[in-house]
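Laboratory data are not the source of any read-out in this text; all were calculated from the coordinates shown. Bear in mind the structure is a predicted one, so any value in this text is a computation, not a measurement. Here Cβ is always computed from backbone atoms with ideal geometry, including for glycine, and neighbour counts include all displayed protein chains.
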Amino acid sequence: MSEELINQLRGTLSKLELALGLIKESILLLNLDGTIQWCNESFSNYIEKKHIEILGKHFNEVIQLNAIHGEMLPLDYLKKNPEEELIQEYHYKNKTHRILNIYAAKTKLEESTESYVIVISDITSKKEREQIMLQSQKLEGIGTLAAGVAHEMNTPIQYINDNMAFLRDNVNDVIQFAELICSMVQRYDSVEKLRNDIQTTYENVDFEYLRQEVPACILQTQNGTEIITRLVRSMKEFSHPGSKDLDLIDVKRVVETVVDVTRNEWKYISELEIEIEDGCNKAYSIQSELNQIVMNLIVNARDAIEEKYGAEKKGIIKIYTKNTEDFLELFIEDNANGIPEKVINKIFDPFFTTKAPGKGTGQGLAIIYSALTSKLKGSIDVQSKIGEGTTFKISLPKKLKKESK
Amino acid sequence: MITIQNLYDEQDIPVVIVNNQGDIKYTNKTFNELFVYDELTILSKNILDIIPPNLRDAHNIGFSRYVNTKESKIMNQHLELQAIKSTGEIFVATHYIISEMVDDEMLVGATIKPVGSK
């Protein structure tokens, strides 16, 4: 090879190295036993070690990654699945806890020079921002729902109050009647006169009316307090942060809770049918996240139905489940206008919205997608027919993969 | 400050000097004994021949950057790096690398002292 050609190649290599050193992501080239052959400057800066001290060391020795949910470490994964690429989040403890997104794959070079390429992005700040956004969205949701729940509670509280006033007034009459009888028995010497006076007073109290109304009044009051108790419990379950890890949860209970707390959001716009049989409704999820997901999908369905029917008539939201071997599938279906084919592939993109300005931020489905596919180890699919409606399918794992590290 | 001339004068510690293509231009006897090369053979080799295969890509990239930009992260400091003998034995040695223009030619030289040796 001529000296001129070597110099040209050296120039090209230098430009590439300088360019790769300027990007934020860390890039590493490893040989197949995991030894670092090269890394860009971003990586040496990130782990605060001299570039030359990193080269020749084993990847796992230089950066100690920890699986978040028992996933295999990158090199183990590539050894087991040499034809696949890995995109996975890991914990990394440096001075602080960090979350890294790792892309790893085998380069398609000649067998003798095959290498692994690893690209590392520190997504801690992004995750924190997402968490803050999720939290603020949740708080905003709770605020909106609280008004609705207060409205839902208002009706039973009103009739409980009316019933209590009714009981107070009439129990007073009954007590007065009993007291009168006692005093009469003591005072009267004529039984005939006593009987007449009791009869007159009895007719004034209208016991026939009370016999019918008091039990009904107590029953209605009990129903009212049950409604309030259920709403308070649902609101508490909805807003409680709960576990941050995947847990086996009752998906039917989650749906019922969200339906309760969102009732005021949809009941004037739509009917809502839940067709979930008891039993076989458990899947791994994080309750607070799933609450938020189901709420967003119900509110989206409500918005779509309102857009189609306005105040003319009510639409229908159906919520049902199906069981597969590995997943519990939760369907949320509406009979609104459907999503046009040209935008259906974009609906999970951040900031994409078809809602009117001020009505949607375009973050809801993006957050749902991100939560389901990363934290919740599930997935989300959408089917839509123009003029007929849209069905979102959420798949939640029934088993957690226990992969060897 | 160590100069290329100092390296030519050094006899106790292994020394190697290469040109901007990485071709070996000078080694001392101590170097030849350590790396198990005779004088004639070593002068037909490139610096890559004493770098373990794992580190050759990194060397190519780093050396190219230095030749093109004169920016180096490894010059004028003691560094523990791997080296490879003609026998294939890989060992760790303390390297001290310098560079200097001599008669319009850029030369890179290094002392290479096996870790643990006196």
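Which value in deg cm²/dmol, rounded to the nearest 500, describes the helix-derived mean residue ellipticity at 222 nm for the protein assembly as shown, given -39,500 (n - 2.57) per DSSP H run of n ≥ 4 and division by the residue count?
For the protein assembly as shown, the value works out to -14500 deg cm²/dmol.
Given A:LYS57/A:LYS95; A:LYS24/A:LYS57; B:LYS45/B:LYS113; A:LYS80/A:LYS399; A:LYS236/A:LYS314, which pairs have Cα atoms separated by over 25 Å?
From A:LYS57/A:LYS95; A:LYS24/A:LYS57; B:LYS45/B:LYS113; A:LYS80/A:LYS399; A:LYS236/A:LYS314, over 25 Å: A:LYS236/A:LYS314.
Taking amide H positions as placed 1.01 Å from N in the peptide plane, with prolines and chain starts having none, which residues 5 or more places from A:GLY315, or on another chain, fall under 5 Å of its amide H?
Residues meeting the criterion, in which the H sits 1.01 Å from N, are A:SER270, A:GLU271.
Using a Cα-Cα cut-off of under 22 Å, which lysines could be cross-linked to A:LYS308, ignoring same-chain neighbours fewer than 8 residues away?
A:LYS267, A:LYS318, A:LYS342, A:LYS346, A:LYS355, A:LYS359, A:LYS385, A:LYS393
Could you tell me which GluC sites (Glu not before Pro) in the range A:274-309 are loop residues by DSSP with no more than 13 other beta carbons within 10 angstrom of their beta carbon?
Sparse-neighbourhood loop GluC sites (Glu not before Pro): A:GLU277.
Specify the inter-centroid distance of the range B:75-89 and the range A:170-246, based on alpha-carbon positions, in whole Å.
Between the Cα centres of the range B:75-89 and the range A:170-246 lies a distance of 96 Å.
Return one number: the angle in degrees, 0 to 90 and rounded to the nearest 10, between the long axis of the Cα atoms of helix A:251-266 and the longest principal axis of the Cα atoms of chain A.
Once rounded, one gets 70 degrees.
So if I place +1 on the C-beta of Lys and Arg and -1 on the C-beta of Asp and Glu, and nothing else carries charge, what would the dipole magnitude of chain A be about its Cα centre? I want it in debye, nearest 20.
The calculated dipole for chain A is roughly 1020 debye.
Can you find, among A:GLY143, A:MET133, A:SER14, the residue sitting farthest towards the positive end of the charge dipole of chain A, where Lys and Arg contribute +1 and Asp and Glu -1 at Cβ?
After comparing all options, I get A:SER14.
With the cut-off at 1.5 for a/c, could you classify the range A:15-126 from its C-alpha gyration tensor as rounded, prolate or oblate?
Since a/c reaches 1.5 but b/c is at least a/b, the shape of the range A:15-126 is classed as oblate.
Suppose every K and R has +1 on its Cβ and every D and E has -1 on its Cβ; what is the size of the dipole of the range A:58-144 about the Cα centre, in Debye to the nearest 20?
460 debye
For the range A:1-68, what size does the Cα cloud have along each of its three principal axes, sorted from largest down, in whole Å?
49, 26, 20
What does the highest-first list of A:320-328, A:249-257, A:66-74 look like by mean Cβ count within 10 Å?
A:249-257, A:66-74, A:320-328
Based on the alpha-carbon set only, what is the convex hull volume of the protein assembly as shown divided per residue, in Å³?
Output value, Cα hull per residue: 252 Å³.
Sorted from fewest to most neighbouring beta carbons within 10 Å, what does the list A:ILE286, A:ILE386 look like?
By the 10 Å Cβ count, ascending, the order reads A:ILE386, A:ILE286.
Order of B:ASP9, A:ASP197 from fewest to most other C-beta atoms within 10 Å?
B:ASP9, A:ASP197
Once each part is reduced to its C-alpha centroid, what is the distance from the range A:11-66 to the range B:3-24 in angstrom?
29 Å
Tabulate in residue order the Karplus-calculated ³J(HN,Hα) for the range A:19-29, using 6.51 cos²θ - 1.76 cosθ + 1.60 with θ = phi - 60°, rounded to whole Hz; enter x for Gly and Pro.
After applying 6.51 cos²θ - 1.76 cosθ + 1.60, I find 5, 5, x, 8, 7, 6, 6, 8, 10, 10, 10 Hz.
Using each residue's phi in the range A:125-139, evaluate 6.51 cos²θ - 1.76 cosθ + 1.60 at θ = phi - 60° and report the 3J(HN,Hα) Karplus result to the nearest Hz, with x for Gly and Pro.
For the range A:125-139, the Karplus curve yields 5, 4, 5, 5, 4, 4, 5, 5, 5, 4, 5, 5, 5, 5, 5 Hz.
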